[in-house]
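A.B. asks: First, the structure itself, so that you have it in front of you.
The values are calculated or read from the model by the stated rules, or taken from the named source; none is laboratory data. Just so it is clear, the structure is predicted and the values come from calculations on it, not from any experiment. Cβ atoms come from the backbone with ideal geometry, glycine included; neighbour counts cover every protein chain shown.
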Amino acid sequence: MLAALIWPVASQSVAMARRTVKNLVDEKLILRRPLPAGGDCLVLSAAGARFLSDELGIAAHSGNSLSLGNPMHRACANWHAISCINSGHQVWTEHQIQTATAPLVAYDGKIPDLLIETEHGIIWVEVENAWKNRHERNKIFEFATRHLTTNGELKELLPGSYLFRVAIVGTNPDSLRAMWYTFTDGFNQKKICERQAADIEFVLLPVDKSLSVGSKMVGNLLYDGIIPYQ
């Protein structure tokens, strides 16, 4: 992830990231913490947090006791965030949202997994790494139907920033399939209009047990899931 974020086009990006991480660990600015399913993650040490605060004016805290949550879910969110940052977009990560350091942490009872600000508006991202039951799927569907535009008037999420799209990002096909059916069925039942369906995208972003990422596939609900079958 560090290689992809900091050296996205360098041929030796992974080697440079490993050297940098080793130096930061040796200087005790970051720590390695084991993940439940194996492998490590990197978090700030107390010294690293102090350095960021004192030298760069960045509000930071040690991650020594940070809850690691669901590593697969966080990895998928991070990989998608990195891709969007490399495309030149402003991103508020899952960590920023959950620690209330993002400008928006909830809207209409929903908490996003990521927020992406583009030149067209804000993309609200929901990350899925497991099958969701109908009740949970309907929460996302109903959020989209309430807040995506039907008449060109976008919903203002932040001062001057408007909801442009809802993106559902899944780590595997099973995590997306039921959600896809919920939205296509909702369209067939006229619970969501074409304009709203055009503002919903599904992203398959495979993440394996080592938290490495595979090739991304993107599909638009209207143009890839509805119109071809009419």
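A.B. asks: Can you find, within the range 153-182, the residue that is nearest to Leu114 (Cα to Cα) among those that are among the small types (Gly, Ala, Ser) and in contact (Cβ under 8 Å) with a residue 40 or more places away in the chain?
C.D. replies: It comes out as Ala167.
A.B. asks: Mind counting the residues in the range 194-211 that are modelled with pLDDT under 95, over 15 Å from the mean Cα position of the chain (by Cα) and not charged (D, E, K, R)?
C.D. replies: 1
A.B. asks: Is it true that Val25 is surrounded by 13 or more Cβ atoms within 10 Å (Cβ to Cβ), farther than 19 Å from Val127 by Cα, of a type in the set (Val, Ile, Thr) and over 24 Å from the mean Cα position of the chain (by Cα)?
C.D. replies: So Val25 fits the description; yes.
A.B. asks: May I pose another question? Given the range 61-163, what strands (runs of 3 or more DSSP E) lie entirely inside it while holding 1 or more residues that are within 26 Å of Ser210 (Cα to Cα)?
C.D. replies: 90-92, 114-117, 122-128
A.B. asks: Right, here's the next one. How many residues, within the range 59-100, are on the phi > 0 side of the Ramachandran plot and of a type in the set (D, E, K, R)?
C.D. replies: Here the count works out to 0.
A.B. asks: Just name the residue that is farthest from Lys216 (Cα to Cα) out of those in the range 55-83 that are without any contact (Cβ under 8 Å) to a residue 60 or more places away in the chain and crowded, with 20+ Cβ neighbours inside 10 Å.
C.D. replies: Across the range 55-83, the extreme among qualifying residues is Gly63.
A.B. asks: A further question on this structure: Quick check on the range 44-53. Is at least one of its residues more than 20 Å from Ala4 (Cβ to Cβ), touching a residue at least 24 places away in the same chain (Cβ under 8 Å) and part of a helix (DSSP H, G or I)?
C.D. replies: Yes - at least one qualifying residue is present in the range 44-53.
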